[in-house]
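Step one of this worksheet: look at the structure below.
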Amino acid sequence: MTALLRKRRRTLVAGSLAVATALALSACGSSDSDSGPGSGKDTAATHTVRTAMGDVTVSDAPKRVVVLDTAELDSVLALGVKPVGATHTDAAGGFLGYLPEDRLTGVKDVGEMMTPNLESIAALKPDLILTSKVRHGDKYAELKKIAPTVMTENTGYPWKENFQVHADALGRKAEAKKVTDAYAAHTARVTEALGGKAKAAATEVNMVRFVEGADIRIYGRKNYIGTILADIGLGRPAITDKAKDGFSYDVSPEKIDLADADVVFHSTYGDPSKAKETTTTGSGLWKNMTAVKNGKVFPVDDQLWIQGIGYTAADKILDELQADLTK
């Protein structure tokens, strides 16, 4: 009997220990699952991204990404990610025309770029939001309640640095290197097609944009298209050095001759007549420009050359530059 009692006592102790261990493990499991953002059951691996709003913890492999500007949309597509939601850039709606249509099928339009619909974004249950402080810094407190929000400081000129932030947030640094390597190789091919570095540098190129409700912009060096022209090694006229903050030198139609160069590319945002394109390109000042007389003026797609701001757009722009500059 004594031996039997001892055996039962050992069995009870072992059982108690097993229950205690199970409870402890259960408690640890509950603590871990509650620590994830959003659902309370997120145990995915995370990493920290340095952003314009400070360090942000994001999933190592976000699956439901919302982008709130054109540069971010270009970036995610270049990196092989299909977002669940994106904004559009004007009242007409729709995403930029140069982007591959099949890659955008099913992507939810969450409103105009400067006024995104926060309810629509939240309904998509994103695990990452990409945008910039200059666009949506005033909405950061609301956006980060929906999902981890990665903001770059600005858009446009620092597009290459921003792309690396996007790649980091998406956990796609290896894919980013392939994209940037391909871009470097493409720019080198275009430079060679133009006759080499010396000949490219001797060709002065201007980019002019007609904007509804604003003066005509002669683009400087510190903007998206300016960096692409620089990467090819093309020359820029002296007027570009007068651009405010390096971005653009704005003129009225009566001073459009200041935009003259060996080659002039131009695009239009908005209605051509309201943007002064129609009257300007029909004026004597325009027709007397050297580039016009030599047949070296080329209209280009504003969505591609100005609004896209990314490697997807850049690849197409490089092809167009080579085609036009070698005519």
From the option list 220, 246, single residue qualifying as at pLDDT 95 or above and surrounded by fewer than 19 Cβ atoms within 10 Å (Cβ to Cβ) is 246
Need pairs with beta-carbon distance below 9 Å; first residue part of a loop (DSSP other than H, G, I, E, B) and within region 44-57, second among the hydroxyl-bearing types (Ser, Thr, Tyr); sequence gap 6+ or separate chains. 44/59; 45/59; 52/132; 52/152; 53/140; 53/149
Evaluate region 301-321: report whether one residue or more is hydroxyl-bearing (Ser, Thr, Tyr), closer than 29 Å to residue 90 by Cβ, part of a loop (DSSP other than H, G, I, E, B) and at pLDDT 95 or above. no
Hey, could you check region 249-273 for residues that are free of Cβ contacts under 8 Å to residues at least 40 places away in the same chain and not acidic (Asp, Glu) and say which is surrounded by the most Cβ atoms within 10 Å (Cβ to Cβ)? 249
May I ask you to list the residues in region 156-174 that are touching a residue at least 12 places away in the same chain (Cβ under 8 Å) and either of a type in the set (A, V, I, L, M, F, W, C) or surrounded by fewer than 21 Cβ atoms within 10 Å (Cβ to Cβ) (or both)? 156, 157, 159, 160, 163, 164, 165, 167, 168, 169, 170, 171
Filter result for residue 253 (more than 24 Å from the chain's Cα centre (by Cα), within 14 Å of residue 300 (Cβ to Cβ) and either of a type in the set (A, V, I, L, M) or assigned by TED's automatic domain parsing to the domain that holds residue 321 (or both)): no
Leading residue by the ranking (farthest from the chain's Cα centre (by Cα)) among those in region 70-84 that are surrounded by fewer than 24 Cβ atoms within 10 Å (Cβ to Cβ) and free of Cβ contacts under 8 Å to residues at least 60 places away in the same chain: 84
Condition met for residue 209 (surrounded by 20 or more Cβ atoms within 10 Å (Cβ to Cβ), assigned by TED's automatic domain parsing to the domain that holds residue 290, charged (D, E, K, R) and closer than 24 Å to residue 114 by Cβ): yes
Selection from region 181-203 of residues that are in contact with a helix residue (DSSP H, G or I) (Cβ under 7 Å, 6 or more places away or on another chain) and not hydroxyl-bearing (Ser, Thr, Tyr): 186, 190, 193, 194, 197, 200
Any idea which of 235, 226, 196 is at positive phi and out of contact with any Cys (no Cβ under 8 Å at 6 or more places or on another chain)? 196
Scope region 108-123; condition buried (at least 19 other Cβ atoms within 10 Å of the Cβ) and within 25 Å of residue 60 (Cα to Cα); matching residues: 110, 121
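Okay, residues lined up against (1) charged (D, E, K, R); (2) assigned to a loop (DSSP other than H, G, I, E, B):
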site	(1), (2)
119	yes, no
126	no, yes
129	no, no
134	no, no
140	no, no
145	yes, no
156	no, yes
162	no, no
168	yes, no
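The values are calculated or read from the model by the stated rules, or taken from the named source; none is laboratory data. What you see is a predicted model, and the numbers here were worked out from it, not measured in a lab. Please note: Cβ atoms are built from the backbone with ideal geometry, for glycine as well, and neighbour counts cover all protein chains shown.
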